[in-house]
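Heads up, the thing below is written out as C-alpha cells.
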Amino acid sequence: MKLFDVYPLNDITIVKAEGAYVWDDANQKYLDLYGGHAVISIGHTHPHYVKRLEDQLHKVGFYSNSIKIPLQVELAEKLGKVSGKEDYQLFLCNSGAEANENALKLASFYNGRKKIIAFKKGFHGRTSLAVAVTDNPNIVAPVNQTDNVIFLPFNDEQLLETAFSQNDISSVIVEGIQGVGGINVASNTFLQKIRSLCDQYNAVFIADSVQCGYGRSGKFYAHDYSGVNADIYTMAKGMGNGFPVGAISISPKIQPKHFMLGTTFGGNHLACAAALAVLEIIQQDELMKNAEVVGNYLMTELKKLPHIKEVRGVGLMIGIELPEELKMVKRNLLYNHKIFTGEAKPNVIRLLPALNISTLEADVFLAALAKELNNS
Ligand SMILES: Cc1ncc(COP(=O)(O)O)c(C=O)c1O
C-alpha cells in the first residue's frame, strides 16, 4: 500500500528531537521554530513529559469513558487554574477540528439555532462543520457546503452588528490570532463587540484557541487580551506537546445532558497524562511569561531588519510578511541555515516555536534571517 499523497514534503527525515532542536537521519541538527505547526509547547522530548507518559503507560494506557478516570478530573482542575477559568467545564476530545465540531454543536443545542458567524481568512479544521466555517473553498467538499454559515470581514464591528440584527445567530467562532490566515490579530474592541452581541442575542461566543491558545500569546488564551470571556474555548495543538488531545472549556451557563456529546478516545489515560505534564511545565517554568518576553524581543529585533513589509503577532505567534519576490527566504532558512519555520502564504513566515525557547535561540534565527535579507 502507498501513502495517500496529500502533502508536499520537505526531503528531510527527523529521527531525534530535544528541546528546541531536531536531528535528521544524517545527524544534521535543526533549530525548530515551527514546533510541527504550533504543537510543541514545552519543547521536544521534555524529561518530565516523557516520564509522566512512560509511567502512565505502565499503569493503564486506555479505558473508555464508561468508567471514572480521575486523571480527567485532575486535568480539569489544573486547566481551570492555569487558564484562569475555574468555573468552566471540560470536555475532552482528540483534535482541533473535533473541538470546534463539538463547540458549534453544543452552541446549537444550547440555543436551538443554526446560523454561525465565521470570519474571512479564518481556519477551523477539515471535518464537516469545522471546514464549513473555514474560509477556503478549496478544502470544502460539496457535502460540507451549507448556508448556515455567514462569513464576515475580520475585525469589522459594524458588519457584525448588522449580521446579528438580520439573522438568528447561534454562535460566533473566532481565532484570537488567525494562524493559517497569515497571523492577523483580533482587536480588543472587536472581541468585546462579539461578547456584547452574544449577550444581547443569547448567542454563543466560541474562541478558537487551537493554534493561538495554551499560553502561546503570553496569556493562556489570546482572546484574554480583550478582557472579556468567551462561552467556549476550543484547544488542541500545544495541549499534548504532540500527543493527540483536544478539548473544549465550557462556561457554566451551558449545562450538560447525558449523551449530548461523546467520544471513544477523548480523555484517555495517556492523553490526560500528556496534557497534565504540559500544564505542569507551563506553570512551573512560567512559560507564558517566557512567551511574552522572548516574543517581544523577537518582534522588536525583527522590525529592525531590511525588506520586511510587516511584523504581526503576539507572544510566540509571529508573522513576518516579506515582499512576494522574497518568498524563497523560508526555504533558504531551512536548507541554508537549518532552521524550521512555518508559512502562511509563501511570503509570510510564521514563527510558532516551543514556549521555552531562549533569546539565544531567537538570536540564531535573527542572524540567519538578517543574512538572507541583506543578501537579497
Ligand atoms: C485555529 C485552528 N483551528 C483548528 C485547527 C484544526 O486542528 P486539527 O488539525 O487538530 O484538527 C487548526 C489547525 O491548524 C487551527 O489552526
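The values are calculated or read from the model by the stated rules, or taken from the named source; none is laboratory data. Remember, predicted model here, so these are calculated numbers, not experimental data. Cβ: placed from backbone, ideal geometry, glycine included. Neighbour counts: every protein chain shown.
Among the residues of the range 195-230, those that are of a type in the set (A, V, I, L, M), out of contact with any Cys (no Cβ under 7 Å at 6 or more places or on another chain) and either away from the ligand (no atom under 16 Å from the Cβ) or not assigned by TED's automatic domain parsing to the domain that holds Leu75 (or both) comprise Leu197, Ala203, Val228.
Let's see how each residue does on (1) closer than 22 Å to Gly35 by Cβ; (2) not hydroxyl-bearing (Ser, Thr, Tyr):
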residue	(1), (2)
Gln255	no, yes
Leu261	no, yes
Thr264	no, no
His269	no, yes
Val293	yes, yes
Lys309	no, yes
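Given the criterion in a strand (DSSP E or B), within 26 Å of Tyr233 (Cα to Cα) and touching a helix residue (DSSP H, G or I) at 6+ places or on another chain (Cβ under 7 Å), identify the matching residue among Phe91, Phe62. Break it down into steps so the answer makes sense when it comes.
Values: Phe62 fails: in a strand (DSSP E or B).
Exactly one of Phe91, Phe62 is in a strand (DSSP E or B), within 26 Å of Tyr233 (Cα to Cα) and touching a helix residue (DSSP H, G or I) at 6+ places or on another chain (Cβ under 7 Å), namely Phe91.
Within the range 21-40, identify whether any single residue is in contact with an Asp or Glu (Cβ under 9 Å, 6 or more places away or on another chain), among the β-branched types (Val, Ile, Thr), over 22 Å from His258 (Cα atoms) and surrounded by fewer than 20 Cβ atoms within 10 Å (Cβ to Cβ), and answer yes or no. No: the range 21-40 contains no residue that is in contact with an Asp or Glu (Cβ under 9 Å, 6 or more places away or on another chain), among the β-branched types (Val, Ile, Thr), over 22 Å from His258 (Cα atoms) and surrounded by fewer than 20 Cβ atoms within 10 Å (Cβ to Cβ). Out of everything in the range 1-58 that is among the small types (Gly, Ala, Ser) and in a loop (DSSP other than H, G, I, E, B), what residue ends up being farthest from the ligand (Cβ to nearest atom)? Only one residue fits best here, namely Ala26.
The rows are residues; the columns are (1) surrounded by fewer than 18 Cβ atoms within 10 Å (Cβ to Cβ); (2) of a type in the set (S, T, N, Q); (3) more than 24 Å from Arg312 (Cα to Cα); (4) without any contact (Cβ under 8 Å) to a residue 40 or more places away in the chain.
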| site | (1), (2), (3), (4) |
| --- | --- |
| Ser95 | no, yes, yes, no |
| Lys105 | yes, no, yes, no |
| Val133 | no, no, no, no |
| Asn138 | yes, yes, yes, yes |
| Gln166 | yes, yes, yes, yes |
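Here the range 208-243 is the region considered, the condition is being assigned to a helix (DSSP H, G or I) and over 23 Å from Gly125 (Cα atoms), and the residue that is farthest from the chain's Cα centre (by Cα) is Ser226.
The residues of the range 1-60 that are without any contact (Cβ under 8 Å) to a residue 12 or more places away in the chain, charged (D, E, K, R) and within 22 Å of Val348 (Cα to Cα) amount to a single one, Asp11.
Applying the condition of being surrounded by fewer than 15 Cβ atoms within 10 Å (Cβ to Cβ) and among the hydrophobic types (A, V, I, L, M, F, W, C) to the range 41-59 and asking which residue is farthest from Ala236 (Cα to Cα) yields Leu57.
For every residue, the table says whether it meets (1) in a strand (DSSP E or B); (2) surrounded by 19 or more Cβ atoms within 10 Å (Cβ to Cβ); (3) without any contact (Cβ under 8 Å) to a residue 40 or more places away in the chain.
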site: Tyr297; (1), (2), (3): no, no, no
site: Lys304; (1), (2), (3): no, no, yes
site: His307; (1), (2), (3): no, no, no
site: Gly313; (1), (2), (3): yes, yes, no
site: Gly319; (1), (2), (3): yes, yes, no
site: Lys330; (1), (2), (3): no, yes, yes
site: Leu333; (1), (2), (3): no, yes, yes
site: Lys345; (1), (2), (3): no, no, no
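For the range 107-137, give me each residue that is away from the ligand (no atom under 15 Å from the Cβ) and over 19 Å from Asp199 (Cα atoms).
Here is the first cut: in the range 107-137, the ones away from the ligand (no atom under 15 Å from the Cβ) are 107-115, 117, 137.
Hit for the range 107-137 is Pro137, nothing else.
Scanning the range 174-193 for residues that are under 23 Å from Ala107 (Cα atoms) and within 16 Å of the ligand (Cβ to nearest atom) gives Val174, Glu175, Gly176, Ile177, Gln178, Ala186, Leu191. Of the residues examined, Asn94 is not one that is within 16 Å of the ligand (Cβ to nearest atom) and touching a Leu at 6+ places or on another chain (Cβ under 7 Å). Screening Ala141 against (1) closer than 30 Å to Ala354 by Cα; (2) of a type in the set (A, V, I, L, M, F, W, C); (3) away from the ligand (no atom under 15 Å from the Cβ) leaves a single unmet condition, (1).
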